[in-house]
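Peer 1: Sharing a structure, written as structure tokens. Questions coming.
The values are calculated or read from the model by the stated rules, or taken from the named source; none is laboratory data. Since this is a predicted model, take the numbers as computed values, not measurements. Don't worry about glycine lacking a Cβ; one is built from the backbone with ideal geometry, like all the others, and counts go over all protein chains shown. Note: accessible area is taken over every heavy atom of the protein model, side chains too, but ligands, DNA and RNA are not part of it. Shrake-Rupley method; radii C 1.70, N 1.55, O 1.52, S 1.80 Å.
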Amino acid sequence: MTSMQMQQQQPSLQGQTVLITGAGSGLGLALATLLAEAGADIVATDIAAHKLEETCARVRQRGTRVHPIAFDVSEPVAVRRAIDETLDTMGRLDVLVNNAGTDISVPIDELGEQDWLRVIGTNLNGPFLLSKHAAAHMRGAGGGHIVNVASTAAKRAWPNAAAYHASKWGLLGLSHALHAELRPHNIRVTAVIAGGMRTPFLLDRFPDLDPAVLQDPANVAAAIRSVLLLPPSTVVAELTVLPMQETSWP
């Protein structure tokens, strides 16, 4: 077998469109890069438009199409517009990655109502809204894949993170519920339990963290890519990806 034949037999995402939320940094940026390398066209979204400049540049360097959309995933009207814009611009939507997330680390007596609603809105309501509208399209298209990026915070708890834990436990439950509901429509749903990563999400808020015990977000992105490249007859309902020195997992 020639090297050309071997390359042609390698699984790829050629011709597929992937929408990634929180694509401006961290895991979202790594995902956009690796999935573009696998042939996917990328819809890169983030709440801050300027964060998408590097993401778009990286995707273009890999020879696939990219379309940026800045919107707040917790806003129902904005979500519908983003899905419509994706379909109008790219012509299809094969994979949705619900990656956008936020947090506030304070004791519950200091946790304000608006902060609670903001965390739940981004981490749980956003994936619900996006999955609802993406799944409606995917059913008509004959299938698709939804990936929900959760956290070890969806499996255990620590102090001063009530809103984050509630949102991530809820996201894991939502993901498994959609897995059961959407399988008959040929829509695969995967929950990703991601351990600590060397991303601004952690390091900007907790400067005392030792980066050496965290994992490169590219490693988590590679694990997600492997799930997306599985034969369509197989689904991974839950995937746990941890650094070897994970401190938030037994």
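Peer 1: Can you find a residue that is in a helix (DSSP H, G or I) and free of Cβ contacts under 8 Å to residues at least 24 places away in the same chain anywhere in the stretch 26-49?
Peer 2: Among the residues of the stretch 26-49, at least one is in a helix (DSSP H, G or I) and free of Cβ contacts under 8 Å to residues at least 24 places away in the same chain, which makes the answer yes.
Peer 1: Still on this structure, I have one more. Is there a residue in the stretch 149-170 that is under 18 Å from the mean Cα position of the chain (by Cα), at pLDDT 95 or above, part of a helix (DSSP H, G or I) and of a type in the set (S, T, N, Q)?
Peer 2: Checked the stretch 149-170: at least one residue is under 18 Å from the mean Cα position of the chain (by Cα), at pLDDT 95 or above, part of a helix (DSSP H, G or I) and of a type in the set (S, T, N, Q).
Peer 1: Okay, next question. Is it the case that some residue within the stretch 5-26 is open to solvent by less than 40 Å² (accessible area, probe 1.4 Å) and at pLDDT below 95?
Peer 2: Yes, the stretch 5-26 contains at least one residue that is open to solvent by less than 40 Å² (accessible area, probe 1.4 Å) and at pLDDT below 95.
Peer 1: Would it be correct to say that residue 130 is open to solvent by less than 10 Å² (accessible area, probe 1.4 Å), closer than 22 Å to residue 243 by Cα and among the hydrophobic types (A, V, I, L, M, F, W, C)? Before you say what the answer is, go through the steps one by one.
Peer 2: Working: open to solvent by less than 10 Å² (accessible area, probe 1.4 Å): yes; closer than 22 Å to residue 243 by Cα: no; among the hydrophobic types (A, V, I, L, M, F, W, C): yes.
No; evaluated as a whole, the condition is false for this residue.
Peer 1: Output the qualifying pairs, or none if there are none: Cβ atoms under 8 angstrom, residues six or more apart or on different chains, first residue in the stretch 169-189 and more than 12 Å from residue 232 (Cα to Cα) and among the small types (Gly, Ala, Ser), second residue part of a helix (DSSP H, G or I) and open to solvent by 20 Å² or more (accessible area, probe 1.4 Å).
Peer 2: These pairs meet every condition: 170/120; 170/124.
Peer 1: Looking at this structure, is residue 52 under 23 Å from residue 124 (Cα atoms), under 16 Å from the mean Cα position of the chain (by Cα) and either open to solvent by 20 Å² or more (accessible area, probe 1.4 Å) or in contact (Cβ under 8 Å) with a residue 40 or more places away in the chain (or both)?
Peer 2: Spelling it out, it is not the case that residue 52 is under 23 Å from residue 124 (Cα atoms), under 16 Å from the mean Cα position of the chain (by Cα) and either open to solvent by 20 Å² or more (accessible area, probe 1.4 Å) or in contact (Cβ under 8 Å) with a residue 40 or more places away in the chain (or both).
Peer 1: Let me ask something else. Tell me, which residue of the stretch 30-39 that is on the phi < 0 side of the Ramachandran plot and more than 15 Å from the chain's Cα centre (by Cα) is surrounded by the most Cβ atoms within 10 Å (Cβ to Cβ)?
Peer 2: Per the stated criteria, the residue is 38.
Peer 1: Can I ask one more? Of all residues in the stretch 62-73, which are surrounded by 17 or more Cβ atoms within 10 Å (Cβ to Cβ) and more than 17 Å from residue 51 (Cβ to Cβ)?
Peer 2: Result: 62, 64.
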